[in-house]
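This report concerns only the one structure given below.
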Amino acid sequence: MRTVTTSASHSSTTFGISSMRIALLAAGLVGGANFALAAPAGSGLTTYADLPSFLAATSGTTLSFEDFAAHDSHNVSPCYEPVNRDAGQPATSFLEPVCFHPGDVISGFDIRSDLDWTSGITTPWGPMTGPGLFFIGRDSMSPGPASNTVGATYSAATKTFVDFRDGPVAVAMDAYDIAAGSPVTIDAYAAGGTLIGSFTVFPTAPTLPSFAGFTSTVPVQRIALHSASAVSQIIGNLRFGGTAGRLEANVQSVDFGALAVGSSVSQSIAVSNAGNTDVAVDPITAPSAPFAIASDACSGTTLPAGASCSLSVEFAPGLERRYASALDIQGNGTASHIDLSARGVLPAFSSSPTAVDFGTIAPGQTGGPIAVTIANTTAVALAVGTIDAPDAPFALSGGGSCAAPPFTLAPGQSCTLMVSFSPTEAGVFNARVVVGSNDPSSPGEILLRGAAGDTIFVDGFDG
């Protein structure tokens, strides 16, 4: 439980303490402390010397901005942690009106510290016990229309933490330290507590901030501020936003459908960077056969924010079966997964009827014409290359709907051939219409039979 006890001599004057007096009192509490600075900036961070250069570098990024202006006092005061959109303090004469109310600040971040007052330390406000206390002031660290300042103070081992909800990749703030010229180090961490990088800024006076802004190649989950003076680490004018580079394909799956065995088809895929930082695309592993990468303008390239590249995936089935595979496009810890599916199908020629019987007619007469339907009942195109006319006295008559070969019948499509029988002498006659196509069992045949004169047959074809 956090408790704050005020002495009578400070209960009515706390909010009038000047920033310079705070600096002197704080220095008296932690004088002689010595901090080691963090490691040099890691490759995951790009830092900026001032706000204009930071804003120029993030011009395509939407930034949230919090100046903590909802704080009421123009002086320096303590306040319980944390500070976030839901934070608020008890309505006591000591804490009001200097602390934030729920909804006073924007959402998306949380400021806290690792202060520990459990041993009980005497401060300008009296003895303090319990974990956590913030230094908060309105225009107290900088003259003119400046931001409020928020952060931890009065501890040799304290740090100020800013936790982010949505993992921004651009963060900036004004950083202060009560001790003039004391370096303030900013450590940036990714999810899981992985250190992305560190850098140090040097406020030249207690009342003057040093700009601390950076962009990251990966989402930032937390920043930690600590000062070499071990006195304070206080911030104002917090900006954050953007998302890490993110690979997005224009499709989540590609279904090539049914394709004739022995043929091939390709599909183009566009990949874009939907984030705010560059993405270096890794070499793309080819999917399992019979899928293959036909062309690749993505592997090994670096995609800036908003840029795109393309690749082409080919499907060439060798068997009549269903196929499935996947394509993973990765880079900088982001990935786009694309499922691939297809079916190899054998085209098949069919006719109805498969045989035509003209019966018996007198020589010199003509039987028919009779229509024969050629149909494609498969899921792939049937390519008809040749149609060989039957031997006399049979013939292909005009009037059918089939085009002159070569032609293609789409799945479910059909056409008709007209066949006639014109014997000139008595006898039994047999012939066939031969159709060449991309059916693996090609050629297909349509059997023809007929008789002339008094000949009668009842048991099918002779010969």
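The values are calculated or read from the model by the stated rules, or taken from the named source; none is laboratory data. Predicted, not measured: the structure shown is a model, and the values here were computed from it. With ideal geometry, Cβ positions are generated from the backbone for all residues, glycine too; neighbour counts draw on all protein chains shown.
Here are some notes:
- Among the residues making up the range 233-248, a single one is modelled with pLDDT of 95 or more and either of a type in the set (Gly, Ala, Ser) or in contact with a Cys (Cβ under 9 Å, 6 or more places away or on another chain) (or both): Gly241.
- Some residue of the range 380-393 being surrounded by 14 or more Cβ atoms within 10 Å (Cβ to Cβ), under 30 Å from Asn250 (Cβ atoms) and of a type outside the set (Ser, Thr, Tyr): yes
- Test: residue in the range 179-197 that is in the same structural domain as Ala69 (by TED's automatic domain parsing), acidic (Asp, Glu) and at pLDDT below 90: no
- Of all residues making up the range 271-280, the number that are modelled with pLDDT of 95 or more and either part of a loop (DSSP other than H, G, I, E, B) or hydrophobic (A, V, I, L, M, F, W, C) (or both): 1
- Checked against (1) among the β-branched types (Val, Ile, Thr); (2) touching a Leu at 6+ places or on another chain (Cβ under 8 Å); (3) within 30 Å of Val261 (Cβ to Cβ), Thr377 meets all criteria but (2).
Here's the yes/no breakdown for (1) at pLDDT below 95; (2) assigned to a loop (DSSP other than H, G, I, E, B); (3) over 59 Å from the mean Cα position of the chain (by Cα):
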| position | (1), (2), (3) |
| --- | --- |
| Pro405 | yes, yes, no |
| Thr408 | yes, no, no |
| Pro411 | yes, yes, no |
| Arg432 | yes, no, yes |
| Ser442 | yes, yes, no |
| Ile446 | yes, no, no |
| Gly463 | yes, yes, yes |
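- Selection within the range 417-429 - in a strand (DSSP E or B) and crowded, with 17+ Cβ neighbours inside 10 Å: Leu417, Met418, Val419, Ser420, Phe421, Val428, Phe429
- A single member of Gly344, Gly364, Gly359 is in a strand (DSSP E or B) and under 30 Å from Ser420 (Cα atoms), and it is Gly359.
- Unmet requirement for Ala383, which otherwise passes all of (1) among the small types (Gly, Ala, Ser); (2) assigned to a loop (DSSP other than H, G, I, E, B); (3) under 30 Å from Ala316 (Cα atoms): (2)
- Evaluation of Leu340 against the conditions (1) at pLDDT 95 or above; (2) within 28 Å of Gly44 (Cα to Cα); (3) buried (at least 18 other Cβ atoms within 10 Å of the Cβ) shows that the sole unmet condition is (2).
- Any pair with Cβ under 8 angstrom, 6 or more apart, that starts in the range 160-178 at a residue that is within 14 Å of Val150 (Cβ to Cβ) and of a type in the set (Lys, Arg) and ends at one that is surrounded by fewer than 21 Cβ atoms within 10 Å (Cβ to Cβ) and modelled with pLDDT of 90 or more: none
- Thr377, sole failed condition from (1) of a type in the set (Val, Ile, Thr); (2) closer than 16 Å to Pro353 by Cβ; (3) assigned to a strand (DSSP E or B): (3)
- Test: Ala172 is touching a helix residue (DSSP H, G or I) at 6+ places or on another chain (Cβ under 7 Å), at pLDDT 95 or above, buried (at least 19 other Cβ atoms within 10 Å of the Cβ) and of a type in the set (A, V, I, L, M, F, W, C): yes
- Hey, Thr285 part of a loop (DSSP other than H, G, I, E, B) and crowded, with 20+ Cβ neighbours inside 10 Å or not: no
- Meets criteria (surrounded by 23 or more Cβ atoms within 10 Å (Cβ to Cβ), of a type outside the set (Lys, Arg) and on the phi < 0 side of the Ramachandran plot) for Asp187: no
- Counted residues, the range 209-256 - those being in a strand (DSSP E or B), over 30 Å from Arg343 (Cβ atoms) and of a type in the set (Ser, Thr, Tyr): 5
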